[in-house]
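Following: one structure in structure tokens, then a few remarks.
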Amino acid sequence: MRLPRPRGPLSALTATSLLSAVGMSTDRFTDQLDRLAPSCDVLADEDFQLSLWMLYELHYRGFDDVDPDLEWEPRILACRRLLERRFEQELRFRTEASVRKARLQDGAELGDQLGWLVEHMEGPRLAPYIQREATREQLLEFLAVRSVYHLKESDPHSFVLPRLDGGAKVALAELQYDEYGAGRVSRLHQTLYGDALEAAGLDRTYGAYVEHAPGSTLAQNNVMSLLCLHQRNRGAALGHLAAFESTSSAPCRKIVAGIERLGFPDAVAAYFVEHVEADAVHEQLAVRDLCGRLVAAEPSLHDDVLFGAACCLYLDALAATHLLDGWRAGSEKPVGAGA
Ligand SMILES: [Fe+2]
Ligand SMILES: [Fe+2]
């Protein structure tokens, strides 16, 4: 994959810096961040989120046109930190009230509080729309923008394993073993998603649709890196995973129905069929064994777990709203075979 096209001054500065770190300076980054309009919503702003996504991608597969040594270049990390602070600050502000209310549920245990968040932060009904109304073009757009994550599905949370101990580590390893195919390459969830893209006539190449992804989709991806790449955020990383797994099984069933209604081949539905059952199990594993054992061992991480869950739910709702609003306004973006 090569660096994506910038979408504004901040991502242009990021791309230039990655192509030649010589001119990288936190002062220039700070200046550029200060120039963001006060009304700029950093959670949806594509220029901001693409900049952060490019910096995080150095820790995954990198770019063909960027020196891999830049992954640990102090000037790059310092600039990333500036973006992360602004991103995290905004996430804490937007989720604060929900986390507080979940915490105050009378006599509720951690699992009940996570359940309360899932119930009360539910976004617009994207899966039922796909089940009953989406056109072929809308389904293709959905598959394409989701590929930014699903082609590296579960990779962010693998960074959390060395940050855990005992029961929580064992539970995360068990969950990841499933996600990584339980010993079979063909069952690797990333592979299943690539198969779905290909069967739908889309490009399965890693990163093929990054340029198609709106800011809110990039934010969904970036929050996982923000939580999973920082040891201090390990509780939030597991809370994110618990919310993710808890909101997957039932929607996947509806998406399967939508894919069948539109007459796509079975291989397009296979990824979602797999997740109807797998994520019903993963939900229990993530809430009870992962988050439960972590908080039993480290009670001070209780609110961090709720924060991570709230981040997942808030950003999922934001991304779903963006897609649905566009579709209802008749402005879906046709996706070709690759970007
Ligand atoms: Fe999966
Ligand atoms: Fe899962």
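The values are calculated or read from the model by the stated rules, or taken from the named source; none is laboratory data. Note that the structure is predicted; figures quoted are calculated from it, not measured. Cβ: placed from backbone, ideal geometry, glycine included. Neighbour counts: every protein chain shown.
Points to keep in mind about this one:
- Whichever residue in the range 156-193 is within 13 Å of ligand 2 (Cβ to nearest atom) and of a type in the set (D, E, K, R) and, among such residues, is nearest to Cys312 (Cα to Cα): Glu179
- Qualifying positions in the range 6-23 - over 16 Å from Tyr56 (Cα atoms) and not in a helix (DSSP H, G or I): Arg7, Gly8, Ser20
- A count restricted to the range 93-109 and to residues that are loosely packed, with under 13 Cβ neighbours inside 10 Å and either within 30 Å of Asp27 (Cβ to Cβ) or among the aliphatic types (A, V, I, L, M) (or both) stands at 3.
- The set of residues in the range 178-195 being away from ligand 1 (no atom under 12 Å from the Cβ) and outside any loop (DSSP other than H, G, I, E, B) consists of Val185, Ser186, Gly194, Asp195.
- Some residue of the range 16-26 being surrounded by 17 or more Cβ atoms within 10 Å (Cβ to Cβ), over 16 Å from Gly215 (Cα atoms) and free of Cβ contacts under 8 Å to residues at least 40 places away in the same chain: no
- Residue that is modelled with pLDDT of 95 or more, buried (at least 21 other Cβ atoms within 10 Å of the Cβ) and over 18 Å from the mean Cα position of the chain (by Cα), where the choices are Leu227, Leu140: Leu140
The rows are residues; the columns are (1) within 16 Å of ligand 1 (Cβ to nearest atom); (2) among the charged types (D, E, K, R).
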| position | (1), (2) |
| --- | --- |
| Tyr271 | yes, no |
| Glu274 | yes, yes |
| Val281 | yes, no |
| Leu285 | yes, no |
| Arg288 | no, yes |
| Glu298 | no, yes |
| Leu301 | no, no |
| Ala310 | no, no |
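- Residue among Thr135, Thr217, Thr191, Thr205 that is of a type in the set (Ser, Thr, Tyr) and over 27 Å from Leu50 (Cα atoms): Thr135
- Yes/no for Val287 being within 16 Å of ligand 2 (Cβ to nearest atom), buried (at least 19 other Cβ atoms within 10 Å of the Cβ) and under 14 Å from Gly111 (Cα atoms): yes
- Residue list for the range 255-284, filter: more than 16 Å from ligand 2 (Cβ to nearest atom) and surrounded by fewer than 19 Cβ atoms within 10 Å (Cβ to Cβ): Ala257, Glu260, Arg261, Leu262, Gly263, Pro265, Asp266, Ala267
- Residues in the range 217-250 that are more than 18 Å from Glu179 (Cβ to Cβ) and within 15 Å of ligand 2 (Cβ to nearest atom): Ala250 alone.
- In the range 110-137, the residues that are basic (Lys, Arg) and surrounded by 14 or more Cβ atoms within 10 Å (Cβ to Cβ): Arg125
- For Ser147, the conditions (1) away from ligand 1 (no atom under 14 Å from the Cβ); (2) buried (at least 22 other Cβ atoms within 10 Å of the Cβ); (3) farther than 24 Å from Leu301 by Cβ are fulfilled apart from (1).
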